[in-house]
1. Give me a count of the residues in the stretch 45-69 that are of a type outside the set (A, V, I, L, M), out of contact with any Phe, Trp or Tyr (no Cβ under 9 Å at 6 or more places or on another chain), modelled with pLDDT of 95 or more and part of a loop (DSSP other than H, G, I, E, B).
2. From SER129, SER113, SER99, which residue is more than 19 Å from LYS52 (Cβ to Cβ) and either surrounded by 13 or more Cβ atoms within 10 Å (Cβ to Cβ) or free of Cβ contacts under 8 Å to residues at least 40 places away in the same chain (or both)?
3. Counting just the residues of the stretch 15-39 that are surrounded by 10 or more Cβ atoms within 10 Å (Cβ to Cβ), small (Gly, Ala, Ser) and modelled with pLDDT under 95, which one comes out nearest to ASN97 (Cα to Cα)?
4. Would you mention how many residues in the stretch 72-110 are on the phi > 0 side of the Ramachandran plot, part of a strand (DSSP E or B) and touching a Lys or Arg at 6+ places or on another chain (Cβ under 8 Å)?
Amino acid sequence: MDYEKVHLSLLISTMISYLTLECVSSKTTHIVGDRVGWASPGYNGFYENWSKNVTFNVGDVLLFQYNPGLSTVVHVNKDDYDHCTTRNVMQTYFRGNSSITLDHPGEYFFFCSVGKHCEAGQKLQISVSQGNPPSKTS
């Protein structure tokens, strides 16, 4: 038995499996606000402008980078988002550097519930797409 050929075949098979898995399960981690992170922005509309050129797909991850005690991330419905209220909170994150997986297509709404941060523009609305389905071969 030629062990070098077996070893090479095993290596190639492993690489193909890895690349296939990587293509099928590819996801993107989006650092909300890029270098600014998740903080009270310099102007109202900052996060809206940040998200304009970003494509969000199911399976992607939002990474909110912030210091605990200085900010929170509250996942809410559109009405709460529009009015900076917390009547229908879906989830609250407060421990810093929170990762949220986008698990379904549609609209997502987030804001900071500390003080008047939301009114000052620390809020994010995004639209998540299903993404590209795997191509079918005939």
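The values are calculated or read from the model by the stated rules, or taken from the named source; none is laboratory data. Small disclaimer: the values here were computed from a predicted structure and weren't measured. Ideal geometry is used to build each Cβ from the backbone, glycine not excepted, and the neighbour counts take in all protein chains shown.
1. Counting residues in the stretch 45-69 that are of a type outside the set (A, V, I, L, M), out of contact with any Phe, Trp or Tyr (no Cβ under 9 Å at 6 or more places or on another chain), modelled with pLDDT of 95 or more and part of a loop (DSSP other than H, G, I, E, B) gives 5.
2. Unique residue meeting the criteria: SER113.
3. The selected residue is SER26.
4. Narrowing the stretch 72-110 to residues on the phi > 0 side of the Ramachandran plot: 84, 96-97, 106.
Now restrict to residues that are part of a strand (DSSP E or B): 106.
Narrowing the set further to residues that are touching a Lys or Arg at 6+ places or on another chain (Cβ under 8 Å) leaves none.
So the answer is 0.
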